[in-house]
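In what follows, a single structure is set out as structure tokens and then discussed.
The values are calculated or read from the model by the stated rules, or taken from the named source; none is laboratory data. Because the structure is predicted, anything quoted here is derived from the model rather than measured. Because the Cβ atoms are built from the backbone with ideal geometry, glycine has one as well, and the counts that use them run over all protein chains shown. Side chains are part of the model used for accessible areas, which takes the heavy atoms of the whole protein and leaves out ligands, DNA and RNA. Shrake-Rupley method; radii C 1.70, N 1.55, O 1.52, S 1.80 Å.
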Amino acid sequence: MRKFFTAVVLIPLGLILVVFAVANRHLVTVSFDPFNSTDPSIAVTLPLFVVLIAVAILGVAAGGLASWFRQRHWRRAARQHEADARQARSQLAEARAAASRGDRQGLPGPQPGGLYGPSGRDKQGATL
């Protein structure tokens, strides 16, 4: 289905581009000298369709670059979350391996004198 939609978009776009190129074959001079427009020191003479397609490509590249820079905090957060998940998976695997061996080294033992200590009172001093 994806290939079908790609073909539906790319084939007409390619045809439009070819028709545009054939219709705009005349030469234009692109000047990069803002001070001397009659005899520019830096100028390029190209067909109009080449100039327009190059400007469109540069615009798409500039927009993509701007979007990429604006999303950098999301990519950084995703990398951090992936590292945290990888660390949690390794800790879980270690805990499962220790549990399968019967190793209870990482777990705290029972408290002497019950849950609230040897006095039998909670934090506020109430008798239990």
Among the listed residues Asp39, Asp33, which satisfies the condition of being of a type in the set (Asp, Glu) and open to solvent by 50 Å² or more (accessible area, probe 1.4 Å)?
Asp39
Could you tell me how many of the residues in the range 54-89 are surrounded by 10 or more Cβ atoms within 10 Å (Cβ to Cβ) and hydroxyl-bearing (Ser, Thr, Tyr)?
0
